[in-house]
Amino acid sequence: MKYYITTPIFYPNASPHIGTAYTTVAADAFARYHRMKGDDVYFLTGTDENAQKIVQTAEGKGLDPKAYVDGVVERFKALWDELDISNDDFIRTTEERHHKVVKEIFTKLYEQGDIYKSEYEGWYCTPCETFWTENKLIDGKCPNPDCGREVELLKEESYFFKLSKYQDDLLNYIKENPEFIQPVSRRNEMVKFIEGGLEDLCVSRTTFQWGIQVPFDPKHVVYVWLDALINYISALDYPDGELYHKFWPAEVHLMGKDIVRFHAVIWPIILIALGVPLPKLVYGHGWFLSKEGGKISKSRGNVQDSFELINRYGSDAIRYFLLREMQVGTDGTYSEDNLVDRLNSDLANDLGNFVSRSLAMIVKYRGGIIPQASEDTALEAELKTLCQEVKAQVEERLEAHDPAGALENLWRFVSRLNKYVDETAPWALAKQEGEQARLDTVLHTFAEAIRILAILSAPFMPKLPGKIVRLLGVEEGFIRWEDASRWDILEPGIQVEKGEPLFPRVDLSQYDLEQESKKTVNEINTTEKMNETIAQAPNQVEGKAPDKLVNTEAPAQEAEAEFEPIKDEISIDDFAKIDLRVAKVLAAEKVQKADKLLKLEIEVAGKPRTIVSGIAQHYAPEELVGKYVVIVANLKPVKLRGIMSEGMILAASHGTVLEVLSLDKEIAAGARVK
Ligand code: MSP
């Protein structure tokens with residue numbers, strides 16, 4: 001089966017952000033899933049470069065538009081690389097291959113009388129690149145609920161496309177093909193819109209020259225939406241290209257709800273007029289909104305640098321968050337706290353913890369060698385039935401373009417696996433002579449379950465399978481969709497490894513979010529910032545193993561956290577650079593909106609200082625007042641949640657326990673500790 005999927009082509013008038021990334025990540029998950037199923041996939045994305053707003057932005061920066069877009073397009077490509085987007089092609093509408101097809105189509109539509117010359121008089125919204133009639137404006141401004149900006153009165157000679165002529169054909173098509181526009185809410189909106197009557201569309205402009213010239217009347221440039229929509233076939237080399245014959249019509253055009261109207265009205269009418277089959281599905285997903293409620297968008301100034309986020313949390317975690325958070329048919333909320341919550345709970349605690357625990361047990365009880373399974377009990381039988389069910393549901397949800405639903409189902413399996421570990425209690429089996437065959441079955445089931453998780457999560461988190469096969473000591477070829485409900489793939493005797501945690505827990509108090517969210521692209525020097533903040537919060541060491549305390553009833557040996565490895569040797573001179581001092585805590589209070597931070601006023605060598613410390617979950621502020629603690633006195637100050645922190649308090653931490661180092665006997669605050 002062939003599967004052609006597209007994203008919108010994005011305006012390169014600003015760098016891509018997490019909102020723009022959603023469509024591309026979702027399309028990538030669908031494309032990867034179809035490839036794994038054995039379909040012949042073609043996945044297209046690109047950039048929409050002939051818009052008037054591009055010229056305005058470039059001019060505002062004193063740059064030539066082409067030079068400007070070249071730079072931004074590189075950012076898009078780099079972001080898609082970082083996010084492991086597996087597109088087969090990237091079309092830029094400034095490319096000759098696209099210009100050629102747009103010119104041919106414009107001429108054909110003109111010659112057959114579907115495009116005609118007249119005069120346009122009306123309003124234009126440049127940010128939306130949309131024409132509006134006077135009666136649609138709200139208070140004289142753009143009626144798009146996400147825009148509301150000034151519109152410009154245009155009066156110019158223009159070419160028009162006969163949308164009205166094809167209105168009934170389109171309505172009939174939509175009614176006869178209820179699957180064409182989804183979800184249903186968008187389909188209903190579109191039907192209402194078309195039934196309200198379509199006016200012919202102005203499809204050329206004369207007031208600027210950037211764009212594709214009308215071949216037979218070069219003072220006109222083609223309206224950017226007409227030009228842009230054609231990318232879906234120009235990239236396939238319409239009308240004669242091999243790719244076009246093979247892949248058109250598209251299985252799905254994926255996009256945000258804001259632009260469904262263009263894809264469900266203008267685009268199908270262009271295709272009907274050309275006598276070309278319509279795409280099978282136009283799917284409009286919701287938006288990512290900020291916590292405050294507005295759409296995440298550059299113009300609202302609420303975007304965070306996506307590169308920085310990937311750097312901090314890893315691309316699989318970002319992809320997982322985006323795909324899990326946007327529920328089908330609704331909007332999703334983006335905030336860094338949400339992202340970290342998902343990472344810590346779903347990825348570190350649930351998925352990562354299962355993988356670490358079970359591999360650790362194969363290592364501990366069988367020297368890392370996958371044993372031979374024997375008889376299944378009801379527990380394995382139940383697990384295998386659930387796995388089959390989950391696989392079918394993941395498939396069903398992915399076919400319905402609902403990645404969040406697919407992941408929700410997959411996590412039913414992940415949770416069941418953690419429960420299976422607790423129910424089978426391998427640590428108890430290990431102690432009983434007569435239970436060794438049973439232990440072998442359980443450990444073999446663990447290994448197969450890890451392999452299955454790698455397969456089923458591959459469309460969503462493409463880096464994960466590679467990491468898992470390395471831990472399992474097998475090849476990437478073991479990641480086959482059809483094997484996702486089989487439990488007899490891993491041969492006994494394979495050597496596994498415990499490895500590093502797949503998804504280290506993140507402690508948000510490491511980051512001064514308020515400060516950083518104000519920074520824009522390129523402003524943040526990641527490494528420097530992270531080093532400073534990690535140094536500031538020693539108890540939340542980066543890369544720390546996920547909590548092992550999934551089941552509090554598990555025997556102590558399983559519940560225990562691991563020790564962090566001892567760091568590389570340093571010389572006495574290195575150590576002497578660290579100035580440790582006794583300090584007296586004078587006052588302490590919680591830092592607002594930061595669950596983990598306490599602000600301490602301390603005295604050291606006769607002077608007051610402020611220290612922000614990530615210990616709020618272990619100490620009430622009043623417990624600390626009057627204590628003599630040990631601080632690193634010569635650490636470079638750093639701002640945390642807007643408070644300048646001048647040093648670091650020493651504490652010991654292991655697992656979930658944390659103890660601040662304090663002195664039994666009073667000693668002058670300022671005394672050196674060495
Ligand atoms: N250039 C047109 C599309 C032409 S397609 C022939 C365009 N470009 S855009 O850069 O504005 O990107 C719009 C798309 O980006 C949306 O339809 C959606 O897919 C995605 N998103 C932009 N912001 C988004 C969110 N905050 N949330 C989810 N998707 C978002 O329109």
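Annotations for the structure displayed:
- Cα gyration tensor category, rounded, prolate or oblate, for region 140-257 with a/c compared to 1.5: oblate
- Of interest is the spacing of the C-alpha centroids, which for region 89-115 and region 207-233 amounts to 8 Å.
- Distance from region 569-613 to region 416-482 (C-alpha centre basis), Å: 44 Å
- As a proxy for reagent exposure, Ser662, Ser335, Ser358 were ordered by neighbouring Cβ count within 10 angstrom, fewest first; the result is Ser662, Ser335, Ser358.
- Cα-based radius of gyration of region 358-413 once divided by 2.2 N^0.38 Å, which approximates compact folds: 1.52
- Among 25-34, 173-182, sorting by the average number of other beta carbon atoms lying within 10 angstrom of each residue, highest first, gives 25-34, 173-182.
- Segments 376-386, 7-17 sorted - mean Cβ within 10 Å per residue, highest first: 7-17, 376-386
- With the simple spin-label model, which puts each label point 7 Å out from Cα in the Cβ direction, the Lys665 to Asp40 separation comes to 8.5 nm.
- Here the contact order of region 448-496, divided by its residue count and restricted to Cα pairs under 8 Å and six or more residues apart, works out to 44 percent.
- Links that overshoot a 19 Å alpha carbon limit, given the list Lys66/Lys257; Lys2/Lys280; Lys257/Lys280: Lys66/Lys257
- Using the alpha carbons alone, the radius of gyration of region 141-205 stands to its Kirkwood radius in an Rg to Rh ratio of 1.06.
- Candidate lysines for bridging to Lys364, where Cα separation is under 18 Å - those fewer than 8 sequence places away on the same chain excluded: Lys431, Lys498, Lys548
- Membrane-span-like helices in the chain (whole DSSP H runs, Cα extent of at least 27 Å along the helix axis, mean Kyte-Doolittle hydropathy of at least 0.0): 436-457.
- Length-normalised contact order of the chain in % [C-alpha pairs under 8 Å, at least 6 apart]: 11 percent
- Helical contribution to [θ] at 222 nm, DSSP H n ≥ 4, -39,500 (n - 2.57), averaged over the chain, rounded to 500: -11500 deg cm²/dmol
- Count, lysine Cα pairs under 19 Å in region 82-190, 8 or more residues apart or across chains: 12
- Straight Cα distances below 24 angstrom link Lys584 to the lysines Lys596, Lys599, Lys607, Lys627, Lys636, Lys639, Lys665, Lys674, with same-chain residues fewer than 8 positions distant left out.
- Packing-based ranking of 82-90, 450-458 yields 450-458, 82-90, ordered from highest to lowest mean Cβ neighbour count within 10 Å.
- If R0 equals 35 Å, the separation of the Cβ atoms of Ala576 and Gln617 corresponds to a calculated FRET efficiency of about 0.60.
- The DSSP beta bridges internal to region 249-364 are antiparallel in roughly 10% of cases.
- The eigenvalues of the Cα gyration tensor, multiplied by 5 and square-rooted, give the chain an equivalent ellipsoid with semi-axes of 53, 35, 19 Å from largest to smallest.
- Anisotropy class of region 575-674 from Cα gyration tensor, a/c 1.5 cut: rounded
Laboratory data are not the source of any read-out in this text; all were calculated from the coordinates shown. This is a predicted model, so every value here is computed, not measured. Because the Cβ atoms are built from the backbone with ideal geometry, glycine has one as well, and the counts that use them run over all protein chains shown.
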